[in-house]
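Asks: Have a look at the structure that comes next, please.
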Amino acid sequence: MQFDFSDDQKELRDGVRRLLDQRCPISVVRAVADGEAGHSAELWREIGESGFLAAAVPEQYGGVGAGYLELCLVAQELGRSLAPLPTVSSVYQASEALLIAGSDAQKAAWLPRLASGAAIGTVALAERPGETTPGAIAATVRGGKLSGVKIPVADGIAADLAIVLAKDEAGGQSLFLADLGAAGVTREGVKTIDPTRKHARLSFADTPVEPLGAAGQGWALLDRVRDRAAVLTAFEQIGGAEAALFMARDYALQRFAFGRQIGSFQAIKHMLADMYVALELARSNCYYGAWALSVDSDTLPAAAASARVAATQAYQLCSANTIQVHGGMGFTWEFDCHLHYRRSNYLALALGGASLWESRLIAAIRPRAA
Amino acid sequence: MNFDDTPQEADFRARAAAWIANNAPFELGPELDVSGFGHLHLHSVDRIAAAKAWQKKKFDAGWAALRWPREYGGAGASPIEQVIWSEEEGVFGKLSGPFNIGFGMCGPTVMAWASEEQKRHLLPRLAAGEDIWCQLFSEPVAGSDLAGIRTKAVQDGDPGSEAGAGDWIINGQKIWTSGARDADWGLLITRTDPTVLKHRGLTMFFLDMKSPGVEIRPIWQMNEESVFNEVYFTDVRIPDAQRLGEVGQGWTVALTTLMNERMSIGGSMPTGFPQLLDLCTQIETENGPAIDDPRVRSQLARFAVRASGLQYSAFRSISALSRGEQPGPENSIGKLVAGAMMQDIARFALDLEGEAGLLQDKELAPDRARFQEMLLRSPATRIEGGSDEVLRNIIAERVLGLPADIRADKDVPFDQIPTAASAKR
Ligand SMILES: Cc1cc2nc3c(=O)[nH]c(=O)nc-3n(C[C@H](O)[C@H](O)[C@H](O)COP(=O)(O)OP(=O)(O)OC[C@H]3O[C@@H](n4cnc5c(N)ncnc54)[C@H](O)[C@@H]3O)c2cc1C
Ligand SMILES: Cc1cc2nc3c(=O)[nH]c(=O)nc-3n(C[C@H](O)[C@H](O)[C@H](O)COP(=O)(O)OP(=O)(O)OC[C@H]3O[C@@H](n4cnc5c(N)ncnc54)[C@H](O)[C@@H]3O)c2cc1C
């Protein structure tokens, strides 16, 4: 047993951190928040060229074939810097869906472009309020043409490719691959709680699509994609949680009230200690998830759900409390606290909400009747 | 990152499992299973005799005090082998209960501070289950504020001038001393100089618990047991050779004990989660087993990630330890999380049991009253060995670098520090 990242992997992490410190200062995040674009195209290009997004993509499809452990650390740094990039949609979900379910031709057509960042993929699932379940899917494919409306779709304005869950002709639900340049696609930006990763409504009217993976297997495939995406997203969440924690710590050291640093009041100290505890528990769960993902362990469903549940909690707690520690300043647009608060609450919903993952976790670890 | 056993680790695990399968007292298994954390309960046999027998058997076969060097009765094993052993030993590990303070705190302190001769004498006896140790730190006036202890040690004349000269004479009182009645040795912190700053006037000893002048009075606990005690000292003599560290260096010695306490208590604490998971599959509701109820699942998942988070955090510490890193203040997390969790889990389990959750009779209560006993024991975990508040302070100050609390006793000689008594005057 060696339950830590290797020195080489930590070096890679430090490299990503340095690059993001330079190329993704908070002004870049804020430019996206204040602007129309769904993400920072310049940063996306740069990160794409660096090969970091392609860590887990095999070399034959244009990746660097390093592995998931490396990609986890990249995700952590992206989360720490609040990178306004389509990672959850394109890297953790669309690429993974292609790797899991794509034909050779589909992989060859899309993976190299996704790996380099030349193209952006997304997953289009939800249609209406409430947890997305089979009964909530109305989008339908007939004769190879998709009709229906998906909302909210992450990075839906910029995406080149959408993986869509829809009813098929046999009455099952399947995944389909939609080239968003095709006919019948309408996109509309929608306002969401996190303007640094924008979303859209995608309407399809007889849009030509191809099946992705076996017919009727939509949910089963999606579950596998989500397990992988959950681990990677959890690393973004702990990266963000750590940034929020240290932002609060630094402010508590610098702000004086009642003649002392507010960080000398136990109420503040203990709040920060609880944030640290939540973060470390989440980090440990994430490490296990990373390992399970990297070896495709049988325990991946439980490991992914644990990482996801713990990381969601930790980021939500840290981002809420960082506002609290900042007092009135924390409630301003100008201070960065709300960017973490927004991001944490977006990521909490990005792959299905907390109760979904809590239930998946218990389903995975539930003792079987003897 | 590798979670699987290496071939060597797998070999160690197989040997451990085989030895346990052939040697463990399986007849005690069911009783051990429901024996709670914090105190070994056995009804069919004498618990101390059973604990000593298992320890001796392990010692004779080379499975005792795994991480200690061989010359002190240990097996020279790696931190990871220790973890593997605990996993394999399972419920029989609870038989080590009476030795935990010895292995976890007193032993490491002796190892760091005693003479070579003392170490070669005392440590193998501990490893073999021959001696039980207790920790004589807390006093009525000083728990969290350990450096505020008052038990007095005064040296009797010049060492070597005549028989007994140079001995230390102890007067005072300790409290909350777990296992004092079973103990052969005690690790004792005393005040040797009340006129200097409180951390500077302390001196550490180890003491034969059968010494004349030691009086032990059991304390009845809120959970209807008596594990902890008051210990009174009236002119108890301790040879100067049983001093650990220099006169006035007691605080530094105590830090060795406390650092190891964190590691040993926090590293592998039970939380009650696996048992709760089982309970949730057994309790029936209108819609099938409780575990399939979405609200139950939500709460259960929150416990699950804390339990797995603690387990994997312990693995991270072990990996760091294997690389030669020192256990740091981040290990304070273990007890802080597990203590509150046991209490929360007990309440949640009782709620699931409905009105039957009130029953504490082992023959009638669900799961032989496991969760009722946990409810009544768990408050102690949040206090003993560093309260929740003290642990949060440690994390805030030593991990996150926040300022220390403002202290009323800073830069004040011990005998001038305000107390409850001086406040009344
Ligand atoms: C929406 C909004 C509307 C407001 N409207 C008004 C208004 O109309 N008029 C007006 O005058 N003010 C107004 N305020 C200001 C508000 O009263 C202050 O924000 C509040 O008193 C906190 O002060 P602060 O922001 O300086 O934070 P600080 O006092 O710097 O506090 C920062 C953090 O330290 C903690 N802290 C501070 N002292 C202690 C202590 N002794 N012990 C433990 N923790 C401590 C705080 O709880 C907080 O978590 C408004 C604030 C908001 C958010
Ligand atoms: C079951 C059990 C077994 C024990 N076994 C032993 C043993 O074998 N040997 C031994 O020496 N001791 C033992 N103890 C004693 C234990 O270490 C002390 O109880 C503990 O250190 C707390 O001290 P106290 O009880 O005096 O409480 P206090 O220190 O008086 O604390 C009372 C409350 O005040 C809080 N508090 C105190 N200081 C601060 C602060 N600076 N900031 C914020 N809050 C604070 C505490 O968190 C607590 O909530 C045992 C205790 C228990 C419950």
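The values are calculated or read from the model by the stated rules, or taken from the named source; none is laboratory data. As the structure is a prediction and not an experimental result, all values here were calculated from the model. Cβ atoms come from the backbone with ideal geometry, glycine included; neighbour counts cover every protein chain shown. Just the protein is used for accessible areas: all its heavy atoms, side chains included, with ligands, DNA and RNA removed. Shrake-Rupley method; radii C 1.70, N 1.55, O 1.52, S 1.80 Å.
Asks: So what's the angle, to the nearest 10 degrees on a 0 to 90 scale, between helix B:7-23 and the longest Cα principal axis of chain B?
Replies: For helix B:7-23, the angle is close to 90 degrees.
Asks: So, R0 is 35 Å and r is the distance between the beta-carbons of B:ALA53 and A:SER355; what FRET efficiency does that work out to, to 0.05?
Replies: Here the calculated transfer efficiency is 0.10.
Asks: Here's another thing I want to ask about it. Using label points projected 7 Å from each Cα along Cα→Cβ, tell me how many nm separate B:VAL91 and B:SER422, to one decimal.
Replies: Spacing of the two 7 Å Cα→Cβ label points: 5.4 nm.
Asks: In terms of modelled amide H atoms, which long-range or inter-chain residues lie less than 5 Å from the amide H of B:ARG67?
Replies: Amide H neighbours of B:ARG67: B:ALA75, B:ALA77.
Asks: Rounded, prolate or oblate: which fits the range A:121-214, taking a ≥ b ≥ c as square roots of the Cα gyration tensor eigenvalues, rounded meaning a/c under 1.5, else prolate when a/b beats b/c?
Replies: Here the range A:121-214 falls in the oblate category.
Asks: Using a 1.4 Å probe on the heavy atoms of the protein chains only, list every residue of the range A:1-50 that has 30 Å² or more less accessible area in the complete assembly than in its chain alone.
Replies: A:MET1, A:GLN2, A:PHE3, A:ASP4
Asks: Which three numbers, in whole Å and largest first, are the semi-axes of the equivalent ellipsoid of the range A:219-365 derived from its Cα gyration tensor as √(5λ)?
Replies: After diagonalising the Cα gyration tensor, the semi-axes are 33, 14, 11 Å.
Asks: While we're here: I need the shape label for the protein assembly as shown. Rule: rounded when a/c is under 1.5, else prolate if a/b > b/c, else oblate, with a, b, c from the alpha carbon gyration tensor.
Replies: Judged from the Cα gyration tensor, the protein assembly as shown comes out prolate (a/c at least 1.5, a/b above b/c).
Asks: Taking Cα atoms, how many degrees apart are the long axis of helix B:47-60 and the longest axis of chain B, rounded to 10 and kept between 0 and 90?
Replies: 90 degrees
Asks: Another question, then. Accessible area of the range A:121-214 with a 1.4 Å probe: how many percent of it is carbon plus sulfur?
Replies: Accessible surface attributable to carbon and sulfur in the range A:121-214 totals 55 percent.
Asks: Then there is this: At 1.4 Å probe size, with every protein chain present, just tell me what the per residue accessible area of the range A:121-214 comes to in Å².
Replies: I get 41 Å² per residue for this part.
Asks: Give the interface area between chains B and A as buried accessible surface, both sides summed, probe 1.4 Å, in Å² to the nearest 100.
Replies: Chains B and A together bury approximately 4400 Å².
Asks: Quick check: from the Cα gyration tensor, does chain B come out rounded (a/c under 1.5), prolate or oblate? Let's see the in-between values first.
Replies: Numbers: a/c = 1.72, a/b = 1.42, b/c = 1.21.
Because a/c hits 1.5 or more and a/b exceeds b/c, chain B counts as prolate.
Asks: Going 7 Å from the Cα of B:ASP184 along its beta-carbon direction, which residues of the range B:124-164 have the amide nitrogen within less than 14 Å of the resulting point?
Replies: Correct set: B:124-134.
Asks: On C-alpha positions alone, give me the angle between the axis of helix B:273-282 and the longest principal axis of chain B, in degrees, nearest 10.
Replies: Helix B:273-282 sits roughly 30 degrees off the main axis of chain B.
Asks: Give me the one-decimal nm value for the distance between modelled label points at B:VAL141 and B:VAL390, 7 Å along each residue's Cα-to-Cβ direction.
Replies: 1.7 nm
Asks: Further question: Longest exposed-loop-site-free stretch of chain A, with GluC sites (Glu not before Pro), DSSP loop and at most 16 other Cβ within 10 Å?
Replies: A:170-333
Asks: Please list, by residue number, every one of the trypsin sites (Lys or Arg not before Pro) in the range B:242-334 that is coil in DSSP and has at most 11 other beta-carbon atoms within 10 Å. List each step's numbers first, then the result.
Replies: Details: sites: B:ARG243, B:ARG262, B:ARG295, B:ARG297, B:ARG302, B:ARG306, B:ARG316, B:ARG323; in loops: B:ARG323.
In loop regions of the range B:242-334 (DSSP not H, G, I, E or B), the sparsely surrounded trypsin sites (Lys or Arg not before Pro) are B:ARG323.
Asks: Quick one: among B:CYS106, B:CYS280, B:CYS134, which has the greatest mean-square fluctuation in a GNM of chain B with alpha-carbon springs under 10 angstrom?
Replies: B:CYS280
Asks: Run the numbers for B:ALA408 and B:ASP351: contour at 0.36 nm per residue of separation, minus the present Cα-Cα distance, in nm.
Replies: Taking B:ALA408 through B:ASP351 to full extension adds about 16.1 nm, to one decimal.
Asks: What distance in nm lies between label points placed 7 Å from Cα along the C-beta direction at B:GLU224 and B:HIS121?
Replies: In this crude label model, B:GLU224 to B:HIS121 measures out at 4.4 nm.
Asks: Enter the Cα centre distance for the pair the range B:125-175 and the range B:22-41, rounded to the nearest angstrom.
Replies: Centre-to-centre distance over Cα atoms comes out at 33 Å.
Asks: Counting other Cβ atoms within 10 Å, keep those with at most 14, restrict to DSSP loop, and tell me which chymotrypsin sites (Phe, Trp or Tyr not before Pro) in the range A:312-370 are left.
Replies: The qualifying sites are A:TRP333.
Asks: Heavy-atom accessible area per residue, chain B, 1.4 Å probe: how many Å²?
Replies: On the way: 19200 Å² over 425 residues.
It amounts to 45 Å² per residue over chain B.
Asks: Give me the percent of accessible area attributable to carbon and sulfur for the range B:314-395, probe 1.4 angstrom.
Replies: 55 percent
Asks: Over the range A:219-365, what is the relative contact order in percent, taking alpha-carbon pairs closer than 8 angstrom and at least six residues apart?
Replies: Relative contact order for the range A:219-365 comes out at 31 percent.
Asks: Which residues belonging to the range B:1-20 lose at least 40 Å² of 1.4 Å-probe accessible area when the assembly is complete, relative to their chain isolated?
Replies: With the partner chains in place, the range B:1-20 has these residues losing at least 40 Å²: B:MET1, B:ASN2, B:PHE3.
Asks: A follow-up question, please. Any chance you could run the full-extension gain for A:ALA214 through A:ARG142? It's 0.36 nm times the residue separation minus the Cα-Cα distance, nm to one decimal.
Replies: Additional length available on full extension: 24.3 nm.
Asks: Compute the accessible area per residue over the range A:1-49, keeping the other protein chains in place, probe 1.4 Å, unit Å².
Replies: Numbers: 2730 Å² over 49 residues.
Accessible area per residue, the range A:1-49: 56 Å².
Asks: Next up: Where does the longest stretch of chain A lie that holds no trypsin sites (Lys or Arg not before Pro) found in a DSSP loop with 12 or fewer other Cβ atoms within 10 Å?
Replies: No qualifying site falls inside A:1-190, the longest such stretch.
Asks: Further, regarding this structure: Can you give me the long-range amide H partners of A:SER103? Hydrogens built in the peptide plane at 1.01 Å from N, cutoff under 5 Å, separation of 5 or more residues or another chain.
Replies: Distant-sequence amide H within range of A:SER103: A:GLY213.
Asks: Moving to a separate point now. Could you give the length gained on full extension between B:ALA340 and B:ASP361, defined as 0.36 nm per residue of separation minus the Cα-Cα distance, in nm?
Replies: Length gained between B:ALA340 and B:ASP361: 5.1 nm.
Asks: Using a 1.4 Å probe on the protein chains only, how many percent of the accessible area of the range B:147-256 belongs to carbon and sulfur? Working shown, then result.
Replies: Details: 2560 of 4890 Å².
With neighbouring chains kept in place, the figure for the range B:147-256 is 52 percent.
Asks: With the solvent-accessible surface defined on protein heavy atoms using a 1.4 Å probe, which residues belonging to the range B:312-346 display a reduction of at least 40 Å² in accessible area in the multichain context relative to the isolated chain?
Replies: B:TYR312, B:ARG316, B:SER319, B:ARG323, B:ILE333
Asks: Let me ask another. With loop defined by DSSP as not H, G, I, E or B, and exposure as at most 12 other Cβ atoms within 10 Å, which is the longest segment of chain B clear of exposed GluC sites (Glu not before Pro)? Can you show the working numbers first?
Replies: Working: sites that count: B:GLU162, B:GLU224, B:GLU246, B:GLU286, B:GLU325, B:GLU363.
Segment B:1-161 is the longest.
Asks: Counting only residues 5 or more places away or on other chains, whose amide H sits under 5 Å from the amide H of A:LEU146 once H atoms are built in the peptide plane?
Replies: Amide H to amide H, under 5 Å and 5 or more residues apart or across chains, A:LEU146 pairs with A:ASP206, A:THR207, A:VAL209.
Asks: Write out the trypsin sites (Lys or Arg not before Pro) in the range B:331-372 meeting two conditions: DSSP loop, and at most 16 other Cβ atoms within 10 Å of their Cβ.
Replies: Answer by residue number: B:LYS362.
Asks: In whole percent, what relative contact order does the range A:121-214 give with Cα contacts below 8 Å and a gap of six or more residues?
Replies: Worked out over the range A:121-214, it gives 32 percent.
Asks: Would you mind telling me which residue in B:ALA75, B:ALA51, B:ALA404 has the biggest mean-square fluctuation in a Gaussian network model of chain B, where springs connect alpha carbons within a distance under 10 angstrom?
Replies: It is B:ALA404.
Asks: Now for a different question. What relative contact order, as a whole-number percentage, does chain B give when Cα pairs under 8 Å and 6 or more residues apart are counted?
Replies: This gives 13 percent for chain B.
Asks: Identify the residues of the range A:39-69 with backbone N under 14 Å of a label point that sits 7 angstrom from the Cα of A:SER6 along the Cα-to-Cβ direction, or state none.
Replies: A:65-69
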